[in-house]
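Only the coordinates and a few stated rules stand behind these numbers; no lab work does. Remember, it's a predicted structure, so these values are computed and weren't measured experimentally. Reconstructed Cβ throughout: ideal geometry from the backbone, glycine too, with neighbour counts over all protein chains shown.
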Amino acid sequence: MRHRILIVEDEAALVTLLRYNLEREGFDVSEARDGDEALVVIDENPPDLILLDWMLPMTSGIEVCRQIRRKPETRSTPIIILTARGEEGDKVRGLESGADDYVTKPFSPAELLARIRALLRRANPAPSDETLRCGDIRMDLAAHKVHRGDRGVHLGPTEFRLLRYLMEHQGRVFSREQLLDAVWGRDVFVEARTVDVHIRRLRKALNSKGEQDMIRTVRAAGYAIECPD
């Protein structure tokens, strides 16, 4: 299957470069030059992955990302933010807005392609009839759905992979670096702080009022999921 990638970028030369490299690798490519156009294109024909510039005319890339995550039909679409803003605070803000990855300009086309493939691979896991359980949390790997009790839990692709890994290794504490290798992959280079951002998002999705937080933070060590008997 040919995956379709939407490039949301107002710099014509960069769009040309991205289109050339993506089409050469067998991807179908569409474009939007500002945030408002991007939202229209996504509504009309949701892509498999979005390359999203931070600094866009009209609606900003960060706001576009937030709006994509609010809609059920695009909540799990992988998003990579492209930006010249390389400070740690900017990266955290981008990830907290709902992005799955963050690439600072200028970047290597080869590295970007590796990140794209990794996200698409993880967003489309091999079919499985396995169900994972942790207390009242139920993860259906075949349907790619999570429930807590009777409530459906909506997770982005990265949070889904992160929860799956923790549930497959219940009670074991993993460092940020171990989680990066297991969930993001050894071929993708992201900062350890990224794990903290996605853990916060995972907790927010899993825990409603009165529900036990089963994800345990171990100071100076990492994270684990603790399931009641």
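Odds and ends about this structure:
- Antiparallel bridge percentage (DSSP; both residues within the range 1-148; nearest 5): 30
- Amide H partners (placed H, <5 Å) of Val153, local residues excluded: Val146, His147, Arg148
- Along the range 47-53 the Karplus relation, 6.51 cos²θ - 1.76 cosθ + 1.60 evaluated at θ = phi - 60°, assigns HN-Hα couplings of x, 7, 7, 10, 9, 10, 6 Hz to successive residues, with x for each Gly and Pro.
- The range 171-229: trypsin sites (Lys or Arg not before Pro) in DSSP coil with no more than 13 other Cβ atoms inside 10 Å: Arg172, Arg186, Lys209, Arg219
- Between the amide H of Ile225 and those of Gly171, Arg172, Arg216, distances stay under 5 Å, these residues lying 5 or more places away or on another chain, with hydrogens modeled in the peptide plane.
- Applied to the range 215-221, the Karplus parametrisation 6.51 cos²θ - 1.76 cosθ + 1.60 on θ = phi - 60° returns per-residue 3J(HN,Hα) values of 8, 9, 8, 9, 3, 6, 10 Hz, with x for Gly and Pro.
- 10 Å Cβ shell holding at most 15 others, DSSP loop, GluC sites (Glu not before Pro): longest site-free stretch of the chain: 131-190
- Placed amide H near Tyr102: partners under 5 Å, 5+ positions off or other chain: Ile81
- Residue list for the range 38-59, given a label point 7 angstrom along the Cα-to-Cβ vector of Arg200 and an amide N cut-off under 20 Å: 54
- Were the residues from Met55 through Gln170 laid out at 0.36 nm apart, the gain over their Cα-Cα distance would be 37.3 nm.
- Sparse-neighbourhood loop sites, trypsin sites (Lys or Arg not before Pro) in the range 74-122 - DSSP loop, at most 15 other Cβ within 10 angstrom: Arg75, Arg85
- Take the Cα of Ala12, step 7 Å toward its Cβ, do the same at Val218, and the gap between the two points is 5.6 nm.
- Near Pro46, once Lys and Arg are set to +1 and Asp and Glu to -1 for all other residues with Cβ below 12 Å from its Cβ, the sum equals -1.
- Computed on the chain, the Cα convex hull volume stands at 129 Å³ per residue.
- Positive-pole candidate from Leu39, Pro57, Leu112, dipole of the range 4-123, charges at beta carbon: Leu112
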